[in-house]
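K.L.:
I have a structure here, written as structure tokens, and I will follow up with some questions on it.
Read the figures in this text as sums done on the coordinates, not as results from a lab. Being a predicted model, the structure only gives us computed values, none of them experimental. A quick note on method: Cβ atoms are made from the backbone with ideal geometry, for glycine too, and the neighbour counts reach across all protein chains shown.
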């Protein structure tokens, strides 16, 4: 595709990923760029959520997107088609992004030109949670068909996240999914986590999620 | 839980995982134990599929189960409640099992007493595909809500699998899922892959899957 730039990132050369992530975060703060790290299982709805969020907020905020994937440019093409600058990060088989890989993406995107940058991490509930990318906030999506027990089985993901979207609530009737249980399990991992039940396909619940995103971006950027 | 034995496995000490996996496979062949490595995203339905398969085949085959998880014993309890010997393997945060970890599980289970052993790997479409566990066959489950583009985005998982269950076909009407496309994408990764559309909740499509499993077990075990 001509409209999507693909970069192949290499595993970080930095021995201390956390120190590198802190350095990136300070730089982003200085540049007034709010970076969120969006994580989920494969197929939970990261790209669909992102497309709708961009459509709703693009007149208020300058938004850039980094799509990480092992292979393919499926997602970056979808985002670019929505009219937003998107780059595709290929991890070369790696199951997550670390701070150094994120920084290569930020540089390629020209992150300083954006109020809000979204990093769509590799679809995986395990490994991405282990690496601080330098993002200001971590956001996870859990979809109804995956089941309400996931915070019990993938503890770290829910522990490191500041916000959790429960996606695909339009199909709640067809699955054995207990909303009260998932909320209590998620809060067990992270007591202050903000939880937004949504449907990325219909837009249900997006007002509250976008309010949160707007407020957090503004707070980080110092009232942009 | 008293009815579930939990073992904490350590990352393998073997430098060459493939050589170790081959050694395990030879031992299993000698003992007439057919090992399958069951992989999928979180929430695709590994445990539900397994419970139904066990219920249908337990009078014909001696079946043992190893449930791998980062934390919790949710799945092993569910399998044990179905009346089958199950052990819980805790990976200590690891995102996959390697051959050495699998061998620790096989020893703890007493694998030589079973015709069929199922290893339920950590829910993850990336890392488990990279490590040969010593299983005779790799089986993946992809569920309808995850979307038909997954073989494009997680190529290795589909490449290493001998069989693919497309689960949750009962909700096909509620998702934009193209069965013809997913079959063609999966065969692009692995031309000889056997594909079984199923619903683990209702049992639809299980006859074909269980026929395959019965035939493969019998072929491996030399006509048990």
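K.L.:
What nm distance separates the two modelled labels at residue A:159 and residue A:5, each placed 7 Å from Cα along Cα→Cβ?
P.N.:
Here the answer is 3.7 nm between the modelled labels.
K.L.:
Order these peptides, B:65-71, A:137-143, by their mean beta-carbon neighbour count within 10 angstrom, highest first.
P.N.:
So the peptides B:65-71, A:137-143, ranked by packing, come out A:137-143, B:65-71.
K.L.:
While we're on this one: To the nearest 10 degrees, how steep is helix B:46-57 against the longest Cα principal axis of chain B, on a 0 to 90 scale?
P.N.:
Once rounded, the angle reads 80 degrees.
K.L.:
Once you have the Cα-Cα distance between residue A:58 and residue A:27, take 0.36 nm times their residue separation minus that, and quote the gain in nm to one decimal.
P.N.:
8.8 nm
K.L.:
What do you get for the angle between helix B:17-31 and the principal long axis of chain B? Use alpha-carbon atoms, 0 to 90 degrees, nearest ten.
P.N.:
With both axes taken from Cα atoms, the answer is about 80 degrees.
K.L.:
Using a label point 7 Å beyond Cα on the Cα-Cβ vector, give me the inter-copy distances for residue A:176 in nanometres, one decimal, shortest first.
P.N.:
Counterpart label points of residue A:176 in the remaining copies fall at 3.1 nm.
K.L.:
Using the 7 Å Cα-to-Cβ label point, sort the distances from residue A:212 to its equivalents in the other copies shortest first and give them in nm to one decimal.
P.N.:
Its label point is 3.9 nm from the equivalent points in the other copies.
K.L.:
Using only Cα atoms, find the angle between the long axis of helix A:179-189 and the longest principal axis of chain A, and express it within 0 to 90 degrees, rounded to the nearest 10.
P.N.:
With rounding to tens, the tilt is 50 degrees.
K.L.:
Classify chain A: rounded, prolate or oblate, from the alpha-carbon gyration tensor (a ≥ b ≥ c, eigenvalue square roots; a/c under 1.5 rounded; otherwise prolate if a/b is larger than b/c)?
P.N.:
Rounded is the answer for chain A, as its axis ratio a/c remains below 1.5.
K.L.:
Residue by residue through A:133-144, how many Cβ atoms from other chains fall within 10 Å of the Cβ on average?
P.N.:
1
K.L.:
Where does chain A land at 222 nm, in deg cm²/dmol rounded to the nearest 500, when only DSSP H runs of n ≥ 4 count, each adding -39500 (n - 2.57), divided by all residues?
P.N.:
Here the helix-only value at 222 nm equals -11000 deg cm²/dmol.
K.L.:
Which whole number gives the average, over all residues in B:146-158, of C-beta atoms from other chains lying within 10 Å of the residue C-beta?
P.N.:
5
K.L.:
Mind telling me which of A:73, A:48, A:202 comes out most flexible in a GNM of chain A, alpha-carbon contacts under 10 Å?
P.N.:
Comparing A:73, A:48, A:202 in a Gaussian network model of chain A, the most mobile one is A:202.
K.L.:
Taking the Cα centre of each part, how many Å lie between the range B:138-183 and the range A:36-57?
P.N.:
20 Å
K.L.:
Another question about this same structure. Pull up the DSSP beta bridges for the protein assembly as shown and report the antiparallel fraction as a percent, rounded to 5.
P.N.:
If I count the DSSP bridges inside the protein assembly as shown, around 0 percent turn out antiparallel.
K.L.:
Also, quick follow-up: Decide, for the protein assembly as shown, between rounded, prolate and oblate: order the square roots of the alpha carbon gyration tensor eigenvalues as a ≥ b ≥ c, take rounded if a/c falls under 1.5, and otherwise choose prolate if a/b is larger than b/c, else oblate.
P.N.:
Note, shape of the protein assembly as shown comes out prolate.
K.L.:
Can you give the FRET efficiency to the nearest 0.05 for residue A:214 and residue A:170, using r as the Cβ-Cβ distance and R₀ = 30 Å?
P.N.:
Rounded to the nearest 0.05, the efficiency is 0.80.
K.L.:
Can you tell me how the range B:83-126 classifies by the Cα gyration tensor, rounded, prolate or oblate, using a/c under 1.5 as the rounded cut?
P.N.:
Since a/c reaches 1.5 and a/b is larger than b/c, the shape of the range B:83-126 is classed as prolate.
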